[in-house]
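Below you'll find the structure, written out as structure tokens, and then a few comments.
Just so it is clear, none of the values below were taken in a lab; they were calculated from the coordinates. From a predicted model like this one, the values you see are computed outputs, not experimental measurements. Neighbour counts run over all protein chains shown; Cβ positions are idealised from the backbone, glycine included.
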There are 2 protein chains.
Amino acid sequence: MVDIQTQHTQAARGEAVRDADRPRDSLIATFGPDKPLKLDAGVLLSPFQIAYTTYGALNADKSNAVMVCHALTGDQYVAQVHPVTGKNGWWETLIGPGKPLDPARYFIICTNVLGGCMGSSGPASTNPATGQPWGLEFPVVTVRDMVRAQAMLVDHLGIETLFAVVGGSMGGMQVLQWAASYPERVFAAMPIACATRHSAQNIAFHEVGRQAIMADPEWHGGRYHLEGGNPRRGLGVARMGAHITYLSDAALHRKFGRRFQDRENPTFSFDADFEVESYLRHQGSTFVERFDANSYLYLTRAMDYFDLAADAGGTLANAFKGTQTRFCVISFTSDWLFPTSESRATVHALNAASARVSFAEIVTDKGHDAFLLDEPEMFGIVRGFLEGARKARGLDGRK
Amino acid sequence: MVDIQTQHTQAARGEAVRDADRPRDSLIATFGPDKPLKLDAGVLLSPFQIAYTTYGALNADKSNAVMVCHALTGDQYVAQVHPVTGKNGWWETLIGPGKPLDPARYFIICTNVLGGCMGSSGPASTNPATGQPWGLEFPVVTVRDMVRAQAMLVDHLGIETLFAVVGGSMGGMQVLQWAASYPERVFAAMPIACATRHSAQNIAFHEVGRQAIMADPEWHGGRYHLEGGNPRRGLGVARMGAHITYLSDAALHRKFGRRFQDRENPTFSFDADFEVESYLRHQGSTFVERFDANSYLYLTRAMDYFDLAADAGGTLANAFKGTQTRFCVISFTSDWLFPTSESRATVHALNAASARVSFAEIVTDKGHDAFLLDEPEMFGIVRGFLEGARKARGLDGRK
């Protein structure tokens, strides 16, 4: 019996493709009944699938693999055109020919996280037991569960040790979790714009987003896939609120200020008078075209639950005890969602665990989303750190 | 014909009182057809009414009047039990016997702002032309309109000059507007935790709240008073999101951290696992008991439109040109909604206008809401500033 299958899906011609089960332009690994995923919630998930993309080739001794982890609303389309939006990959600033993560040198893997909606098992996926979308019957997952699933994929690909794990925001949480859960399998780790636990304020923002979704009558208690409808307005509101937290006061001021949209004077109405209002509405309305509302609930919940210190008996340094991984921690001055103080706390814990760690705070006014944008200083740091790690790993002499 | 009436309303026994028209335990001034309010939107509002409370007695030469201006979700119940919630007045920390604003010394006036929902004309009020609630037929109002209405009330009370105008947040905007619109009528002004214009980020947060309300199907395009229903969930979500901005990351961490609500471990569900979630949900659900959703739209819009520099031809200092008013500007270190930089800009403009101005930044981790809380340093500053102004005004020798 074939318990694990990897298939390359393509857009079916002339028929709608349900991306939650069969995402276009993506690989899928299916884990059968003999490979259940043991979740933190105490549930065995089986069967399940992980959708992923790869770029570049694995070298002979399988030592050049890099796992790239996506943020809350990202997916596996990290360095290729997104099949739904038609936009470029979300981290093509960092990944590509001549870029710090060059597919000519690395075998780059990016999964859709467990709980996501672009092909990895999640609330929008078909529950194999019922043939209907899971909805809220899908078990609540954690960042640790996401990483467990990624580790099973890495096993499936026959890779023992990842050369590097890289990610920002929720992706950075996965990087830290990789280093904590599988220290011997991570040679180098780059957690960017993240923290070892979600703050009360961040939980609060997530809760507002969830309430916006659950307040939408089209949510139907999470059963909208079955009952028809789609809580687009609620999800749009959630996205609008969250999007503010990804930027900065300064960036919003620079981009929009108090400029009116297509007019000189206020309309004295509730239309989108200001450019920043139009921008936010656009962010909300485009997001709902590509994201599942229940998935948003699950992934925000996973971030809320993230707390490496609690998992390590209350002492953060114990999460990294004895680690041989090399760390490069990056933060951004204007990031108020994951401020530098959080990264500093991570670095202190790594120091306390006698880890190899370098730390860079990058001066920018672009806020949390800076890690996705054109930030030459960040690219330089990633490049330099990876070069050093290549030498330490002896990668350059290998084929 | 009596064009202006002041009446003291009381809870009608055995029948529901519609607070939007006849608020309990409040005074009301009604302005008839010969006293229209000319709004910035270019509309004459007439008739209209302003609900207000007073504390203390006006002295013989009417020189001891203090106007206290409320914030977005405040009302005229500044120093007395609120008729809906049963809670103490919202600024009893500052106002009362022996406190910096002592009714034994001052005649304190607090109005419900124009556009509000506790008795001043607003979208929840009955439109006299139709006998039905205004809803979105009510004209959009500005902070300047609110202050115009207050000035008409002050005229009605026979007061030429206010000894002081005091307020925080949207109340502080009214203080600044008073000083700009009626410099000769304001002896002393205390704008607290505010700005001379609403920032792009703050407009963005307001827009999310409005979208949450307007996404609620019970909003019915603003006609819920007529069609039945009440967009409680949307308004609750708006309040939850806004409430986060009134606090600070540090305050939330101190109050709630990542503590679970009534349990040791996560439930792996979307219940309110964390204390901060329960707290926010409570904030949302109690708010909707006392506040009108359309009013929330109007008042956030008024704040968005606030821009003293734009009103003064683009140069902020011109808004205060030739002013004789004494200013005391106060900000709080952890206020990220109206950060100290905004107050500094106000002070710079006042300096450029050669105004008398003192400025205090108070160190606290309580965020924007600090102005409503027990902040002894703020009380000391208010007391000291008012004492100085009393001397300058020669108030102490008067009856």
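Quick rundown of the values:
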quantity	calculated
Which listed pairs, of B:Lys87/B:Lys366; B:Lys38/B:Lys87; A:Lys38/B:Lys255, have C-alpha distances above 24 Å, in listed order	B:Lys38/B:Lys87; A:Lys38/B:Lys255
Whether the range A:203-299 is rounded, prolate or oblate, judged on the alpha carbon gyration tensor where a/c under 1.5 counts as rounded	prolate
Sequence-distant aspartates and glutamates (8 or more away, or on other chains) whose Cα lies within less than 20 Å of B:Lys321	B:Glu184, B:Asp307, B:Asp311, B:Glu342
Amide proton proximity set for B:Val186, modelled H, under 5 Å, gap of 5+	B:Leu162
Other copies of B:Leu157: label-to-label distances in nm, shortest first, labels 7 Å along the beta-carbon direction	7.2
Cα shape, the range A:145-225, gyration tensor, a/c 1.5 rule	oblate
For chain A, size of Cβ-based charge dipole, Lys and Arg +1, Asp and Glu -1, in debye	880 debye
Cβ neighbours within 10 Å from other chains - mean over A:255-268	3
FRET efficiency for B:Leu157 and B:Ala345, using Cβ-Cβ distance with R0 set to 22 Å, rounded to 0.05	0.10
Nitroxide proxy distance, nm - points 7 Å out along Cα→Cβ at B:Ala60 and B:Thr126	4.4 nm
Packing-based order for A:350-360, A:119-129, using average beta carbon neighbours within 10 Å, highest first	A:119-129, A:350-360
Relative contact order %, the range B:205-300, counting alpha carbon pairs below 8 Å whose residues are six or more apart	31 percent
Average partner coverage of B:291-304, which counts Cβ from other chains inside 10 Å	1
The range A:47-153: C-alpha gyration tensor shape, a/c 1.5 cut-off, then a/b vs b/c	prolate
Protection-proxy order for peptides B:326-338, B:376-388, each taking the mean of Cβ atoms within 10 Å per residue, highest first	B:326-338, B:376-388
Among beta bridges that DSSP assigns inside chain A, antiparallel share in %, nearest 5	45 percent
Average partner coverage of A:187-195, which counts Cβ from other chains inside 10 Å	0
Whole-angstrom gap from the range B:108-145 to the range B:302-323, using each part's C-alpha centre	24 Å
Those GluC sites (Glu not before Pro) in the range A:251-344 that DSSP places in a loop and that have at most 16 other beta carbons within 10 Å	A:Glu264, A:Glu289
